[in-house]
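All remarks here apply to the structure that follows.
The values are calculated or read from the model by the stated rules, or taken from the named source; none is laboratory data. From a predicted model like this one, the values you see are computed outputs, not experimental measurements. All Cβ positions, glycine included, derive from the backbone under ideal geometry; neighbour counts span all protein chains shown.
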Amino acid sequence: MPTLHSEFERSVSHPMDVVEQTVGLYEWQTDRTCDTEIAVQAPGKWCDYSMYFTWSENAEAMQLTCAFDMRIHKDKLGAVHELLMLANESLWLGHFGLWVDEGLPMFRHALPLRGAAKPTIEQVQDMVETALYECERFYPAFQYVIWGGHTAEQAMQAALLETVGEA
């Protein structure tokens with residue numbers, strides 16, 4: 001991902017301007033619904049992800065939510081909640097959660113910016129890259145539980161198995 005020059009950073013006036021310009025570099029479909037929200041469709045290896053950036057003036061923080069293109073049936077909620085707990089134990093940044101009304105697993109990450117006028121381009125890139133990395137890493141585990149009928153422990157073992165060498 002190319003880094004923009006510092007001239008760009010000086011030319012934007014709102015934190016969401018930085019987000020809009022940064023995700024524009026990826027050439028993804030975006031929709032800025034208002035001054036404090038931007039929706040982004042990001043392609044992934046396993047599915048397309050729906051990213052939502054929101055800015056809270058009161059909290060002086062930006063939040064990124066990255067939802068999977070995967071619905072969870074009610075009878076799988078217990079296993080998915082267990083999977084969320086196991087996945088979150090291995091994360092350094094952000095956490096997985098569930099949009100219960102929509103039945104969608106999601107990754108969330110917040111960037112506090114108290115005292116800063118806006119995030120840097122690199123901070124927005126880090127948020128995007130962290131969300132995509134973690135969603136891609138754990139997508140198979142969600143599939144194993146939701147569609148494969150495996151337990152959360154089995155799904156984590158299978159999804160995080162690292163292949164060594166070439167076949």
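Among all positions in segment 93-101, there is no residue which is more than 17 Å from M51 (Cα to Cα), touching a strand residue (DSSP E or B) at 6+ places or on another chain (Cβ under 8 Å) and of a type outside the set (D, E).
Looking at segment 86-118, which of the residues that are basic (K, R) and either part of a loop (DSSP other than H, G, I, E, B) or without any contact (Cβ under 8 Å) to a residue 40 or more places away in the chain (or both) is nearest to E37 (Cα to Cα)? Restricting to residues being basic (K, R) and either part of a loop (DSSP other than H, G, I, E, B) or without any contact (Cβ under 8 Å) to a residue 40 or more places away in the chain (or both), the top hit is K118.
To keep it simple, each residue is scored yes or no on (1) under 30 Å from A110 (Cβ atoms); (2) modelled with pLDDT of 95 or more; (3) not acidic (D, E).
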{"site": "M127", "(1), (2), (3)": "yes, yes, yes"}
{"site": "T130", "(1), (2), (3)": "yes, yes, yes"}
{"site": "E134", "(1), (2), (3)": "yes, yes, no"}
{"site": "P140", "(1), (2), (3)": "yes, no, yes"}
{"site": "Y144", "(1), (2), (3)": "yes, no, yes"}
{"site": "H150", "(1), (2), (3)": "no, no, yes"}
{"site": "E162", "(1), (2), (3)": "yes, no, no"}
{"site": "G165", "(1), (2), (3)": "no, no, yes"}
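Inclusion of V80 among residues that are at pLDDT below 95, within 20 Å of R137 (Cα to Cα) and assigned to a helix (DSSP H, G or I) is warranted. Considering segment 25-73, and only residues there that are in a loop (DSSP other than H, G, I, E, B), farther than 24 Å from T120 by Cβ and touching a Phe, Trp or Tyr at 6+ places or on another chain (Cβ under 9 Å), the residue that is modelled with the lowest pLDDT turns out to be D69.
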